[in-house]
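A.B. asks: Take this structure, written in structure tokens, and hold onto it; I'll ask about it next.
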Amino acid sequence: MANFQISEWRLDGIQSEIDQIRKERASGARKLAVRAATLLIRCAEDAAEEVPRLARALMAAQPSMGPVFNLGWRALSSPDVAAACTGFLESMERNTARVTELAADLVDDGVPAMTHSFSSTVLAAFREASRRGKRFSVICPESRPICEGVAMAASLGMAGIDASVIADAAVYRALPEAGLALVGADAVSTVSLFNKTGTAQLALAAGEFGVRVYALCPSDRFLPRPYEPPPEEPKDPRELLERELPHVTAVNYYFDATPLGYFSGFVTEDGILTPAELRDRLLGQAAAAG
């Protein structure tokens, strides 16, 4: 990963903002893309010659976040960076709204659903299903170590949707109660979907019980082939162990890569795609780009 020093940048505070994006742990891909776009637009207005370096730095800061990577790629290839960033964000919001509508159709009235971690798109889908008059509850694994699942349950509760919080290790036990599982997506390649650790466990268990599991995946999450996110560096071990223990190492990873075949489908703005259809679309995009 590139190391960009504060003194190298012409814009005051730009390194600090990049570092904040790199260290961000709780925000989803959409929110990070908005922050990155704001920074790129500012750079384009005040120091246009720095845009390529900034775009690469942002892509390196969150290499597993599809919208951030794709936004940086767009900035690198566009003569009008501000327009490119604004257009990207507008497209992202339109696509997300469409995905929300399609995902709400999947929620069954009177049947519990399950999710994992915190996805603003998944939350919006459940809210839309509730707005349509469907009555259901949502099972939320806590999503340790920073417990985004608790935040998801709280947000659902504030929306008037019944929610329960379970331990991550209780997913297998709780899944038979659910008729559906909806999860978000930070990025997707021709091989895997990248999302919070525990997504693969949920998807694998769902297959065992015949529970439908869908990833909400607007096209801004699609990674260009042949790019694959680099191996994740372990996060702060103190999030798992508050104090050191003799001969004990805490290994703290935030993301896992779930094979596409574990999913029933992927909800995109163009419809619900099977794993094979999604793979073909990504391969087709790569061929067109090449």
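A.B. asks: For residues that are without any contact (Cβ under 8 Å) to a residue 60 or more places away in the chain and outside any loop (DSSP other than H, G, I, E, B), scanning just segment 228-242, find the one that is farthest from Met59 (Cα to Cα).
C.D. replies: First, pick out the residues of segment 228-242 that are without any contact (Cβ under 8 Å) to a residue 60 or more places away in the chain: 228, 231, 233-234, 236-238, 241-242.
The next check asks that each one be outside any loop (DSSP other than H, G, I, E, B); those that pass are 237-238.
Details: Pro237: 25, Arg238: 27 Å.
Among those residues, the one meeting the criterion is Arg238.
A.B. asks: Every residue in segment 166-190 that is among the β-branched types (Val, Ile, Thr) and either free of Cβ contacts under 8 Å to residues at least 24 places away in the same chain or part of a loop (DSSP other than H, G, I, E, B) (or both), please. Spell out the reasoning first.
C.D. replies: Filtering segment 166-190 for residues among the β-branched types (Val, Ile, Thr) gives 166, 171, 183, 188, 190.
Thr190 - this is the single residue of segment 166-190 that is among the β-branched types (Val, Ile, Thr) and either free of Cβ contacts under 8 Å to residues at least 24 places away in the same chain or part of a loop (DSSP other than H, G, I, E, B) (or both).
A.B. asks: So which helices (runs of 4 or more DSSP H) are wholly in segment 36-148 and hold at least 3 residues that are in the same structural domain as Asp19 (by TED's automatic domain parsing) and more than 23 Å from Thr199 (Cα to Cα)?
C.D. replies: Values: elements: 51-61, 66-77, 81-106, 120-131.
Counting at least 3 such residues, we get 51-61, 66-77, 81-106.
A.B. asks: Pick from Leu202, Leu193, Leu283, Leu245: which is of a type in the set (A, V, I, L, M, F, W, C), in a helix (DSSP H, G or I) and modelled with pLDDT of 95 or more?
C.D. replies: None of the other options fit; the residue is Leu202.
A.B. asks: For the structure I just gave you, tell me whether Tyr253 is more than 27 Å from Phe88 (Cα to Cα) and either in contact with a helix residue (DSSP H, G or I) (Cβ under 9 Å, 6 or more places away or on another chain) or not assigned by TED's automatic domain parsing to the domain that holds Arg30 (or both). Show your work before the answer.
C.D. replies: On the way: more than 27 Å from Phe88 (Cα to Cα): yes; either in contact with a helix residue (DSSP H, G or I) (Cβ under 9 Å, 6 or more places away or on another chain) or not assigned by TED's automatic domain parsing to the domain that holds Arg30 (or both): yes.
Yes, satisfied.
A.B. asks: What do you reckon, is Thr100 hydroxyl-bearing (Ser, Thr, Tyr), over 23 Å from Val171 (Cβ atoms) and out of contact with any Asp or Glu (no Cβ under 7 Å at 6 or more places or on another chain)?
C.D. replies: Details: hydroxyl-bearing (Ser, Thr, Tyr): yes; over 23 Å from Val171 (Cβ atoms): yes; out of contact with any Asp or Glu (no Cβ under 7 Å at 6 or more places or on another chain): no.
No; evaluated as a whole, the condition is false for this residue.
A.B. asks: While we're here: For the subset of segment 65-105 comprising residues that are charged (D, E, K, R) and in contact with a helix residue (DSSP H, G or I) (Cβ under 9 Å, 6 or more places away or on another chain), which member is nearest to Ala36 (Cα to Cα)?
C.D. replies: First, the residues of segment 65-105 that are charged (D, E, K, R): 74, 80, 90, 93-94, 98, 101, 105.
The next check asks that each one be in contact with a helix residue (DSSP H, G or I) (Cβ under 9 Å, 6 or more places away or on another chain); those that pass are 74, 80, 93, 101, 105.
Details: Arg74: 12, Asp80: 16, Glu93: 15, Glu101: 26, Asp105: 32 Å.
The extreme case among them is Arg74.
A.B. asks: Consider segment 100-118. How many of its residues are under 16 Å from the mean Cα position of the chain (by Cα) and either surrounded by fewer than 20 Cβ atoms within 10 Å (Cβ to Cβ) or within 20 Å of Arg135 (Cα to Cα) (or both)? Before you say what the answer is, go through the steps one by one.
C.D. replies: Filtering segment 100-118 down to residues under 16 Å from the mean Cα position of the chain (by Cα) leaves 100, 103, 115-118.
If we keep only those that are either surrounded by fewer than 20 Cβ atoms within 10 Å (Cβ to Cβ) or within 20 Å of Arg135 (Cα to Cα) (or both) as well, we get 100, 103, 115-116.
Looking only at that region, the number is 4.
A.B. asks: Can you find even one residue in segment 200-213 that is more than 21 Å from the chain's Cα centre (by Cα) and of a type in the set (Asp, Glu)? Please lay out each step first, then the result.
C.D. replies: Taking segment 200-213 and keeping what is more than 21 Å from the chain's Cα centre (by Cα), we get 207-211.
Filter once more, so that each one left must be of a type in the set (Asp, Glu): 208.
Yes.
A.B. asks: Of the numbered conditions (1) among the hydroxyl-bearing types (Ser, Thr, Tyr); (2) farther than 21 Å from Ala206 by Cβ; (3) buried (at least 17 other Cβ atoms within 10 Å of the Cβ); (4) out of contact with any Gly (no Cβ under 7 Å at 6 or more places or on another chain), Ser91 fails exactly one; give the number of that condition.
C.D. replies: Looking at each condition in turn, Ser91 falls short on (3).
A.B. asks: Does segment 66-80 contain any residue that is modelled with pLDDT of 95 or more and of a type in the set (Asp, Glu)?
C.D. replies: Within segment 66-80, one or more residues are modelled with pLDDT of 95 or more and of a type in the set (Asp, Glu).
A.B. asks: Looking at segment 149-165, which of the residues that are in a strand (DSSP E or B) and either free of Cβ contacts under 8 Å to residues at least 24 places away in the same chain or in contact with a Ser or Thr (Cβ under 8 Å, 6 or more places away or on another chain) (or both) is surrounded by the fewest Cβ atoms within 10 Å (Cβ to Cβ)? Quick ask: steps written out before the conclusion?
C.D. replies: Here is the first cut: in segment 149-165, the residues in a strand (DSSP E or B) are 162-165.
Narrowing further to those that are either free of Cβ contacts under 8 Å to residues at least 24 places away in the same chain or in contact with a Ser or Thr (Cβ under 8 Å, 6 or more places away or on another chain) (or both): 162-164.
Working: Asp162: 13, Ala163: 22, Ser164: 15.
Taking the candidates together, the pick is Asp162.
A.B. asks: I've got another one for you. Does Arg22 meet the test of being within 12 Å of the chain's Cα centre (by Cα) and in a helix (DSSP H, G or I)?
C.D. replies: Details: within 12 Å of the chain's Cα centre (by Cα): no; in a helix (DSSP H, G or I): yes.
When the stated conditions are applied, Arg22 does not pass them.
A.B. asks: Ok, one more. Restricting attention to segment 209-223, which residues are assigned to a loop (DSSP other than H, G, I, E, B) and surrounded by 15 or more Cβ atoms within 10 Å (Cβ to Cβ)?
C.D. replies: The answer is Val211, Cys217, Pro218, Leu223.
The values are calculated or read from the model by the stated rules, or taken from the named source; none is laboratory data. All values derive from a computational prediction rather than experimental measurement. Using ideal geometry, Cβ is built from the backbone for each residue, glycine included, and neighbour counts are taken over all protein chains shown.
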